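Have a look at the structure below before the remarks.
The values are calculated or read from the model by the stated rules, or taken from the named source; none is laboratory data. The model shown is predicted, which means the values in this text are computed figures rather than measured ones. A quick note on method: Cβ atoms are made from the backbone with ideal geometry, for glycine too, and the neighbour counts reach across all protein chains shown. When the accessible area is computed, the model is the full protein with side chains, heavy atoms only, and any ligands, DNA or RNA have been set aside. Shrake-Rupley method; radii C 1.70, N 1.55, O 1.52, S 1.80 Å.
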Amino acid sequence: MNTVDRFIHGFDGLLRTVTRVKPEAHNPSPGRGALDDPMTEDEIKLSGGLMRVNHTGEICAQGLYNGQAVFASNPETAEALTQAAAEELDHLAWCRERLDELGAKPSLLDPLWYTASFALGAGAALISDKISLGFVHATEKNVERHLKEHLKRLPESDHASRQILKRMRDDELRHGEEALSQGGEELPKPVQRLMWEGAKLMTTTAERI
Ligand SMILES: [Fe+2]
Ligand SMILES: [Fe+2]
């Protein structure tokens, strides 16, 4: 894909987010075939809120990776970022499938989060590929930390959501390491902390709306 193709691809991602098109997974959800323990109404509500947050997180991942791919200076970096976005599409599809099962809806603010993430990704890429990949590393580290917190909060009876998050945690850890091995530069700690605080704004909002 060239720059224009990538830009169109990124815009297509926004349209899909706005129209809430269900993404197609390449691999079946790890939640399929999970133990089906009965859940109380409160547990279903809690799980729905948490999985809405994780779904929005994956919308952000699409925005970030697509934005970064448009302005990557090295074609190999651009290709790796497009590839990563394709892998993240599975995460998005699994979260969406689970949301549907829990009778919950995606966040109303998803188009806004996609756009903001796309701009952030594009901005990082415009600085340099090294910073852009360092940004991926820092983001994935934050996501991994966040997923650990959610695994503590999810009801024990919600085996399907737990299996999805565990698989995502392993994938995000790998994505972060790959970004460093592709030449990413570890971002300064204060920047990483700022990113964590920014992400918290999204997670607390998306749990409700
Ligand atoms: Fe992901
Ligand atoms: Fe990831």
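Against the condition away from ligand 2 (no atom under 16 Å from the Cβ) and either at pLDDT 90 or above or within 29 Å of residue 18 (Cβ to Cβ) (or both), how does residue 132 come out, does it pass? For residue 132, the condition - away from ligand 2 (no atom under 16 Å from the Cβ) and either at pLDDT 90 or above or within 29 Å of residue 18 (Cβ to Cβ) (or both) - is not met. Of all residue pairs spaced 6 or more apart or on separate chains, those with beta-carbon atoms under 6 Å, a first member in region 138-153 that is among the charged types (D, E, K, R) and a second member that is assigned to a helix (DSSP H, G or I) and open to solvent by 20 Å² or more (accessible area, probe 1.4 Å) are 144/169; 144/173. Applying the condition of being open to solvent by 20 Å² or more (accessible area, probe 1.4 Å) and in contact with a helix residue (DSSP H, G or I) (Cβ under 7 Å, 6 or more places away or on another chain) to region 172-186 and asking which residue is nearest to residue 52 (Cα to Cα) yields 173.
You will find that of 63, 67, the residue that is open to solvent by less than 10 Å² (accessible area, probe 1.4 Å), within 16 Å of ligand 2 (Cβ to nearest atom) and farther than 20 Å from residue 147 by Cα is 67 and no other. Of all the listed residues (82, 3, 40), the sole one being within 22 Å of residue 175 (Cα to Cα) and of a type in the set (Val, Ile, Thr) is 82. Within region 128-171, the residues that satisfy the criterion of being β-branched (Val, Ile, Thr) and either within 15 Å of ligand 1 (Cβ to nearest atom) or assigned to a loop (DSSP other than H, G, I, E, B) (or both) are 136, 139, 143, 164. Scanning region 156-171 for residues that are away from ligand 2 (no atom under 16 Å from the Cβ) and surrounded by fewer than 18 Cβ atoms within 10 Å (Cβ to Cβ) yields a count of 3.
For region 70-99, a residue qualifies if it is touching an Asp or Glu at 6+ places or on another chain (Cβ under 7 Å), away from ligand 2 (no atom under 13 Å from the Cβ) and either closer than 13 Å to residue 136 by Cβ or of a type in the set (Gly, Ala, Ser) (or both), and the qualifying residues are 72, 73, 77, 93. Scanning region 106-127 for residues that are outside any helix (DSSP H, G or I) and either at pLDDT 95 or above or open to solvent by less than 40 Å² (accessible area, probe 1.4 Å) (or both) yields 106, 107.
Checking the conditions here, which among 30, 38 is touching a Lys or Arg at 6+ places or on another chain (Cβ under 9 Å) and either in a loop (DSSP other than H, G, I, E, B) or of a type in the set (Lys, Arg) (or both)?
None of the other options fit; the residue is 30.
Can you spot a residue in region 25-34 that is more than 21 Å from residue 148 (Cβ to Cβ), surrounded by 24 or more Cβ atoms within 10 Å (Cβ to Cβ) and within 16 Å of ligand 2 (Cβ to nearest atom)? Within region 25-34 (the criterion being more than 21 Å from residue 148 (Cβ to Cβ), surrounded by 24 or more Cβ atoms within 10 Å (Cβ to Cβ) and within 16 Å of ligand 2 (Cβ to nearest atom)), the answer is no, since none of the residues qualifies. A Cβ distance below 9 Å, combined with a sequence gap of six or more or placement on separate chains, defines the contacts here; from region 166-183, residues that are closer than 10 Å to residue 133 by Cα reach residues that are more than 9 Å from ligand 2 (Cβ to nearest atom) and of a type in the set (Ser, Thr, Tyr) in the pairs 179/132; 182/77; 183/77. Pairs are defined by a Cβ separation below 8 Å, a sequence spacing of at least 6 or placement on different chains, a first member in region 84-105 that is open to solvent by less than 20 Å² (accessible area, probe 1.4 Å), and a second member that is among the small types (Gly, Ala, Ser) and assigned to a loop (DSSP other than H, G, I, E, B); the pairs so defined are 90/25; 93/25; 93/29; 94/25; 94/29; 94/31.
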